[in-house]
Structure formats: C-alpha cells, structure tokens
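One structure is given here, and the rest of the page talks about it.
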Amino acid sequence: MTDTHTHILPAMDDGAASVEESLKLLSALALQGVNQVAATPHFKPSTNESIDSFLARRNESEALLRQAMEGRTDLPQLHIGTEVTLSVELSQFEGLEKLCYKNGNFLLIELDPFTVGSWIPRALYDISNRLLLTPVIAHIDRYLGDDVSPKLIEEIMKLNCPVQFNGYALAKFNKRRQLLKIMNRHPDTIFVVGSDCHNIHLRPPAMDVFEKKAMKHLGEDFFDEICENSRLMLTGELIT
C-alpha cells in the first residue's frame, strides 16, 4: 500500500516531535503493509512564513530522517510533499510549485474549516488553470457533515481534482456512508488514500484498518484501484 498523507517529518509541525518518533511511525506503517509513504508537513499561508523558509526547514528535517533511515530496508520508501492550507490568494504565491509532491505537479490542499466559503472552487480553479498545478483535496472525509454544505462539496467535486481520504474514516459508520455516497456519485473521480498520522499514541497510522474496511465495503477491485492511484501519484505517473 501507499500512504499519500502523513506528518512524519521530525519537528516540522504538529506531527512527529523527533526522529525517534518518525522512525516509530514508519515502522508501524511498514507493519501495516505500507511500502511507500509521503511526508506532507503543513504549510499555512496565515503564519506569514515564506515558501523558501518553509522549504529550508523541510529540507533539514528530511535530511535528518533520511540519515536515520539509512540502511533500514524494513521501512517504506520516503516521498516528500506538503499539505497546503487553501487561501483566496494562494495561486498568487511565487514558488507554489515547489510545495508539490516532488514527483509531478500534484499539490495536497487542506481546507480551513474556519474560512470555508463559496470562494473555494474559484481558488482551486486558479491553482489548476493559472499555475497548471493539480490540486489534491486532502481528507475529504473531514468535510462531509455539518461543517461544509453539501452544495459546496458538490462544486468542489465537479472540479475533477483528485481526492484524498483518510483510511480510518472507513471504520466510522457515518463517515463511511458519506464517503461511499460521494464515491458512487462521482465514479470518474480519482481517489487516493492517506493515514494523516501525526504521532504514535493519539493519531497513529491505521492503514491496516483501511485495508480491512475497504476490502469489505469497497471491494477488491476498487481497493486495488485506490492503492494504484496513490502509488502513481507519488511516482508522478498519475494521469488526470
């Protein structure tokens, strides 16, 4: 399996606090059957940190983790990306393409629940059409419910962006029902999966839960398709 969304880079955000915790998360993912994983630390424009400053921190953190992983054949292959919080002016940020997954032009986009509004589809459209980047909607399962209107979700889905969901959401009846409804209503949408793991104890990986629930509720063919989409996105081979 491939995990497209994690916070395993040490001391980057609210995820892994140390290299030791990063290694524990990677080991847990490996035991759950994950052989490729993307580290996607938060980049939030509201903090006023420049992209160059963020990248310098990310590169340093990545170097520390890769050094600790050296010689460890039991750990998943590491890919690097970023989880970027969407803002009205995000498409105007110079160098935004540097925050994509390192292979390809896919940019993982998080919606801020405190600023969700009708501006979102236009902001996503601008990223796609002005910058020729491909937004990937992060953890769509979080937005299904009372916080975001179903009409806005439909407008977002009609943009035909790849959509990432958190694997553990399939273990929750209401979230699973809402996800299945979205998947059935948009059969041509590309879905990818991530754990969104942050730490070992409170927000651990649960890709084994995803595999079990996906095989039961989505079927083997759709499970395989999601896994392949996820792999191809990280390798830059995904065609949208």
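Values quoted throughout were computed directly from the atomic coordinates according to the rules given, and no laboratory measurement underlies them. Note that this is a predicted model, so its numbers are computed, not measured. As a convention, Cβ positions derive from the backbone with ideal geometry for all residues, glycine included, and neighbour counts pool all protein chains shown.
Summary of computed values
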read-out: Residues in segment 61-81 reached by a label modelled at SER53 [backbone nitrogen below 12 Å; 7 Å Cα→Cβ]; value: none
read-out: Three-way shape label, segment 124-194, alpha-carbon gyration tensor, a/c 1.5; value: prolate
read-out: Taking VAL193, VAL209 and counting other C-beta atoms within 10 Å, the order from fewest to most; value: VAL209, VAL193
read-out: Derived scalar couplings ³J(HN,Hα) [segment 34-39; Karplus, 6.51 cos²θ - 1.76 cosθ + 1.60; whole Hz; x for Gly, Pro]; value: 8, 10, 9, 9, 9, 8
read-out: Where Cα atoms sit under 15 Å apart: lysine pairs in segment 2-235 separated by 8 or more or lying on different chains; value: 8
read-out: Cβ-based exposure ranking for ASP141, ASP52, ASP224, ASP126, in which fewest neighbours within 10 Å come first; value: ASP52, ASP224, ASP126, ASP141
read-out: Correct choice for Cα extents along the principal axes in Å that was computed from the model, options (1) 76, 34, 29; (2) 49, 48, 36; (3) 48, 44, 32; value: (3)
read-out: Cα-based shape type of segment 17-116, given that a ≥ b ≥ c are square roots of the gyration tensor eigenvalues and the cut on a/c is 1.5; value: prolate
